[in-house]
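Shown next, in structure tokens, is the structure this report addresses.
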Amino acid sequence: MIQPFVAPSLLAADFSNLQRDLELINRSEADYLHFDVMDGEFVPNISFGFPILQAVRQHCQKPVDVHLMIVEPDRYIDAFAEGGASVIHVHYEACTHLHRTLTHIREVGCKAGVALNPHTPVSLLEDVLEQIDVVLIMSVNPGFGGQSFIPHTYQKIRKLKQLIRASQTSTLIEVDGGVGMKNASALVEAGTDILVAGSSVFGADDPQDAIRQLKNSHRP
Ligand code: DX5
Ligand code: ZN
């Protein structure tokens, strides 16, 4: 039985009670904290950056999975690594020299992630898979929490799984956007290793139980 890793997304937390929500994550079965950085240019929204990461590091005991929805991510990789990121995802669509960027992320001691917008085919990663620790498949157009899951995502997960098998790398597949109990098992069955969940966790009556349920979506 393979259980997925679960990464609750901070974007859906109550920012006026950040410490409380981080302690809740600490007590839960979550494997990561997903940290969405939006710059108002790559995506039509602005979220949070370094001061919040600093505050998060003070209270959060889980590894931080940083999702950079920003243009020119190379400029900030060192700073996010120093800020305590365990994984740094850059968007394929924002990187001209992706191989160089991924090498840089590993050099600063982080796991290297590549995020794909819904329209970006997974086949574009074929020649760089060895440099990627995690592929973050966006199952919504990035920029906002609480959007509806795009069903075409399943095909992308299956195709990517084949590519990973063929290249014999240990790259993980992470899915982000509209993930909850209604689709978690199907996502895991298709090949997802890490489930990101914002509103389905923090919007639940019992967020810890929501995390436990996501964690129990497994494939044989
Ligand atoms: C969307 C972000 C997601 C978001 C997911 O641009 O990258 O991580 O927080 O939120 P839900 O789970 O509510 O779709
Ligand atoms: Zn995200």
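Read-outs: derived from the displayed coordinates by stated rules, not from any lab. Everything quoted here is computed from the prediction, not taken from an experiment. FYI the Cβ positions are ideal-geometry reconstructions off the backbone, even for glycines, and counts take in every protein chain you see.
Stretching the chain fully between Glu189 and Glu23 yields a gain of 56.7 nm (0.36 nm per residue, less the alpha carbon separation). Taking the alpha-carbon centroid of each part, what is the distance from the stretch 150-169 to the stretch 52-105 in angstrom? Going from one Cα centre to the other spans 24 Å. According to the Kirkwood relation over distinct C-alpha pairs, the hydrodynamic radius of the stretch 121-187 is 12.6 Å. Measuring nothing but how far apart in sequence close Cα pairs (under 8 Å, 6+ apart) lie, relative to its length, the stretch 1-92 scores a relative contact order of 27 percent. Of the GluC sites (Glu not before Pro) found in the stretch 21-127, those that fall in a DSSP loop while having at most 13 other beta-carbon atoms within 10 Å are Glu41.
All other residues whose Cβ lies under 10 angstrom from that of Ala13 are scored, Lys and Arg at +1 and Asp and Glu at -1, for a net of -1. For the chain, the share of DSSP beta bridges that are antiparallel, to the nearest 5, is 5%. Counting neighbouring beta carbons within 10 Å and listing from fewest to most, the residues Ser9, Ser217, Ser185 come out as Ser185, Ser217, Ser9.
Per residue, the chain reaches -9000 deg cm²/dmol at 222 nm when only DSSP H runs of four or more residues are counted, each adding -39500 (n - 2.57). Identify all lysines with a Cα-Cα distance to Lys111 below 27 Å; exclude those on the same chain that are fewer than 8 residues away in sequence. Cα-Cα hits under 27 Å: Lys62, Lys156, Lys159, Lys161, Lys215. Listing Ile150, Ile105 from fewest to most neighbouring C-beta atoms within 10 Å gives Ile150, Ile105. Counting pairs of Cα atoms in the chain, how many percent are more than 21 Å apart? Counting pairs separated by more than 21 Å, the tail of P(r) holds 50 percent.
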